[in-house]
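All remarks here apply to the structure that follows.
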Ligand code: UGY
Ligand code: MN
């Protein structure tokens, strides 16, 4: 009886993907098959702290911080309370201390949490990675934002984000760069509702979360690569980037370094850092990418 229940527990664990094997025979090892039926972006908020055999090695991290780029991996995240927010812990992953003109942070909203207000003239974009967040906007309307949904709040627009249960969001903020009489408007949407755009000379799938009109001084790109696909252009450009890998894995080239990366990783790219990505593994890569646009470098 005892051994039967142990056996059925074992089978259940295998079927549920909690136990994975690699089989080695005659010098060859097969990669374990991955049964992954988790919710969308689950890996981004529940990353593998890999390589798993080094997970507990004191001092080991894949994180790197250099003059023109940084890779910040989940085992390096340090969360602390956000000023003005209630019941929320945040990890700032990119800030002007690195040379960026924007911030990118993960905010873990707990039960009955509420956001604070951005500083004067600062615009905000939030993207939901886990859970459900309610946006109360400047007009008094309420919007329920689920995983894969986002909201752009123009500078100085009164709003609050509320959550009754645990939720994780990624937040981008930047001091708005006013241009002529253009005025950005609030935008609410979800990735799956955005059309696939043309990418001449490239193979990746591209969606943009914000309108491309001059009122907006940045955009967030959602980029998809099938395993084996890569950037054709070995990009070097004046724009800066903040990247969150939402799904998949591959190799990111930044300057002269080549990094294995996976869902949950964050990358800061300074202007002009040489950049290239190749998707590997068995599942598609999706990443979310901040890019400043529509303004003269002067
Ligand atoms: O639009 C871009 O600059 C984008 N293709 N860059 C990148 O993926 N590193
Ligand atoms: Mn780029």
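The values are calculated or read from the model by the stated rules, or taken from the named source; none is laboratory data. Note that this is a predicted model, so its numbers are computed, not measured. Cβ sites come from the backbone with ideal geometry, for glycine too, and all protein chains shown count toward neighbours.
Observations on the structure shown:
- Residue that is outside any strand (DSSP E or B), within 11 Å of ligand 2 (Cβ to nearest atom) and at pLDDT 95 or above, where the choices are 290, 277, 238: 238
- Residues of the stretch 217-243 that turn out to be in contact (Cβ under 8 Å) with a residue 60 or more places away in the chain and within 13 Å of ligand 1 (Cβ to nearest atom), as a count: 10
- No other residue among 196, 246, 214, 209 is within 22 Å of residue 152 (Cα to Cα), more than 12 Å from ligand 1 (Cβ to nearest atom) and in contact with a helix residue (DSSP H, G or I) (Cβ under 6 Å, 6 or more places away or on another chain) apart from 246.
- Taken over the stretch 250-264, the residue count meeting the criterion of being away from ligand 2 (no atom under 16 Å from the Cβ) and either under 17 Å from the mean Cα position of the chain (by Cα) or under 14 Å from residue 230 (Cβ atoms) (or both) is 5.
- Matching residues, the stretch 241-258, being surrounded by 17 or more Cβ atoms within 10 Å (Cβ to Cβ) and assigned to a strand (DSSP E or B): 241, 242, 243, 244, 245, 246, 247, 249, 250, 252, 253, 254
Each row is one residue, and each column tells you yes or no for (1) assigned to a loop (DSSP other than H, G, I, E, B); (2) at positive phi; (3) at pLDDT 95 or above; (4) surrounded by 16 or more Cβ atoms within 10 Å (Cβ to Cβ).
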site: 188; (1), (2), (3), (4): no, no, yes, no
site: 192; (1), (2), (3), (4): no, no, yes, no
site: 196; (1), (2), (3), (4): yes, no, yes, no
site: 202; (1), (2), (3), (4): yes, no, yes, no
site: 207; (1), (2), (3), (4): no, no, yes, yes
site: 213; (1), (2), (3), (4): yes, no, yes, no
site: 216; (1), (2), (3), (4): yes, no, yes, yes
site: 223; (1), (2), (3), (4): no, no, yes, yes
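- Residues of the stretch 147-161 satisfying the condition of being buried (at least 17 other Cβ atoms within 10 Å of the Cβ) and either over 18 Å from the mean Cα position of the chain (by Cα) or part of a loop (DSSP other than H, G, I, E, B) (or both): 147, 148, 153, 154, 155, 157, 159, 161
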